1. With among the basic types (Lys, Arg), exposed (fewer than 15 other Cβ atoms within 10 Å of the Cβ) and part of a strand (DSSP E or B) as the only criterion, which of B:132, B:80 stands out?
2. Is one or more of the residues making up segment A:43-59 modelled with pLDDT under 85 and out of contact with any strand residue (DSSP E or B) (no Cβ under 7 Å at 6 or more places or on another chain)?
3. Sort out which residues of segment B:68-114 are within 14 Å of chain A (Cβ to nearest Cβ) and within 10 Å of the chain's Cα centre (by Cα), and write them in order of number.
4. For residues that are more than 13 Å from chain B (Cβ to nearest Cβ) and more than 14 Å from the chain's Cα centre (by Cα), scanning just segment A:43-77, find the one that is surrounded by the most Cβ atoms within 10 Å (Cβ to Cβ).
5. Can you list residue pairs whose Cβ atoms sit under 7 Å apart, with the first residue in segment B:4-16 being facing another protein chain (nearest Cβ under 7 Å) and within 21 Å of residue A:39 (Cβ to Cβ) and the second being β-branched (Val, Ile, Thr) and part of a helix (DSSP H, G or I)? Count only pairs 6 or more apart in sequence or on different chains.
6. Could you list all residues from segment B:165-183 that are farther than 13 Å from residue B:121 by Cα, out of contact with any helix residue (DSSP H, G or I) (no Cβ under 7 Å at 6 or more places or on another chain) and not aromatic (Phe, Trp, Tyr)?
Amino acid sequence: MDPAALIFASASLPILVFHAVWYKEERALESIYGIFSGLFAFSAAIMVAYGFPGNMILPATFGILALGSAHAYLKGKEKKSLIKAGAFTAVFLLTILVEVFL
Amino acid sequence: MNRKKVATAVMVYLIAGGVYLAFFSYPVAPAFASADSYALQKEEVIYTTPYAVYRLYVRESEQPAILIVATVRTPFLPSKTYSRTLGMVQDIMEREVKERYGVDIDVVFRKEMSARIGGHDTVMQDYDIHLKYLDGMPIGIRPDTVKMDIGAYFCQERYESVIVAYVYPPVYSGDFERVMASISC
């Protein structure tokens, strides 16, 4: 495999490890979405070589994180989750905007 | 504890951003052309983030055919990166044409066309380059117009975008398909 592909895929590992290490029962939903987003970003980056559209990776990763926080807010009504959902949605929109104008 | 977690989260996303930057700066394996009688004359790095390099091939004669194959590190083909590199490649090509033919030039867009470059279906822009010779000699057997075709494709297996510019006089118009097919990333 091309080393560039491994570098590209490994960018998602810190996020994956962070959510796995900080996994807590009371924040299980957000952690599960976080781990899933990291796994998605890692495998999608590898799959670019087989035709997966590379421009989808960052927006989809942050979209999954935003969904996780929104889901957690709907379950627990915690303000913190709502702020996170807003922040991840903003980054999700920002990555789309950057890619449109990049 | 909470502050520690926020700081760790910020650090994690900074590290992820840094790794993405490392990806874009990682040197490319330059795409190449293997068509007979086209000799590699130059290889030069255009910029390092995203890493971009071009190779210049020439079929030497009184009326040379010139091929530039540029390679840019990207996980897809962003339109602005494409436009920027395409503009640079076009500038380099126009400079080469002026030097090698000893001319001033007028570049006129003709049409878009499809071509198969190294196994990838690609949209190419087709230009006429009108030559104004600086030595004052009559045109005679020299061409007054050469063709320039420019196109790009995403080489997914190498996480690179390849931009191709090809200038050829009428005498080498038969080379087009062979040269495009010989390009690999």
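1. B:132
2. Checked against the condition, which is being modelled with pLDDT under 85 and out of contact with any strand residue (DSSP E or B) (no Cβ under 7 Å at 6 or more places or on another chain), segment A:43-59 yields no hits at all.
3. B:71, B:72, B:82, B:85
4. Per the criteria, the residue is A:72.
5. B:12/A:15; B:16/A:15
6. B:169, B:170, B:171, B:173, B:174, B:175, B:178, B:179, B:182, listed by residue number.
The values are calculated or read from the model by the stated rules, or taken from the named source; none is laboratory data. Keep in mind the model is a prediction, meaning the values are calculated, not measured. Don't worry about glycine lacking a Cβ; one is built from the backbone with ideal geometry, like all the others, and counts go over all protein chains shown.
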